[in-house]
1. Report the paramagnetic label zone for T92: residues of segment 15-51 whose backbone N is under 20 Å from a point 7 Å from Cα along the Cα-to-Cβ axis.
2. Please report how far the C-alpha centroid of segment 48-125 lies from that of segment 1-15, rounded to the nearest whole angstrom.
3. Hey, what angle do you get for helix 145-162 against the long axis of the chain, alpha-carbon based, 0 to 90 degrees rounded to 10?
4. Treating the beta-carbon of each Lys and Arg as +1 and of each Asp and Glu as -1, no other charges, what is the dipole magnitude of segment 1-146 about its Cα centre, to the nearest 20 debye?
5. Kirkwood Rh, segment 15-74, all Cα pairs: how many Å?
6. Work out, step by step, the length gained on full extension between A10 and A24: first 0.36 nm times the residue separation, then minus their alpha carbon distance; give nm to one decimal.
7. Could you run the Karplus curve 6.51 cos²θ - 1.76 cosθ + 1.60 with θ = phi - 60° over segment 38-53 and give me ³J(HN,Hα) per residue in whole Hz, x for Gly and Pro?
8. Report, to two decimal places, the Cα Rg of the chain normalised by 2.2 N^0.38 Å (N = number of residues).
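Readers should treat all values here as calculations from the given coordinates under stated rules, not as data from a laboratory. Just so we're clear, the structure is a prediction, and the values are computed from it rather than from any experiment. Neighbour counts run over all protein chains shown; Cβ positions are idealised from the backbone, glycine included.
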Amino acid sequence: MTYRSEALAARLEQGARALAGFAAGLTDAEWQQRTSLDGRKVGVVVHHVASMYPIEIALAQTLAAGQAVTGVTWADVRAINSAHSEQNDAITKAEALELLVRNSRAAAAAVRKFSDAELDTAAPLSLNADAPLTCQFMLEDHAVRHSWHHLAILMRTVAADRGVELARAG
């Protein structure tokens, strides 16, 4: 483990804890609420974040090995998200939170195994127009950021329903 891999893993864990803490406090009605962004239920989005960690880590490991990530497009991501939403429409809070904890722990453990050289290794990433991107970029833009990204959307969704306006940070 290096300082960088530890810092990345800690940020991933922090985001997962923040998402889990928010989700744990939701009412049943809020859990079923649909986001204005894409219409997915709040609970489905929490489960989505949890279920994507293994894929995001696998893509980062591919880049760390110096291999190109090919055949992955944003259209594929949208299709995966749509299928996931349909298949997990009735996901319970307990099931989603258990998966979030389990998969975020496994993801953080995998991140801690990356060396600085692996974090710096770049290879073409089809998701980003085959730009040669580093393993660290992939981690930061996906596994580390993912919970934060969706947490912000879910907070706005729930706040709007509660009639509360959230102040934008920064």
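1. Within reach of a label on T92: 20-33, 41-51.
2. Centre-to-centre distance over Cα atoms comes out at 16 Å.
3. Orientation of helix 145-162: about 10 degrees from the principal axis.
4. Rounded to the nearest 20 debye, it is 260 debye.
5. For segment 15-74, inverting the mean 1/r across all distinct Cα pairs yields 13.6 Å.
6. Details: separation 14, 0.36 × 14 = 5.04 nm, distance 2.06 nm.
Once the chain is fully extended between A10 and A24, it gains 3.0 nm.
7. Result, ordered by residue: 9, x, 6, 5, 3, x, 5, 5, 4, 5, 4, 4, 4, 6, 8, 3 Hz.
8. Ratio of Rg to 2.2 N^0.38 Å for the chain: 1.06.
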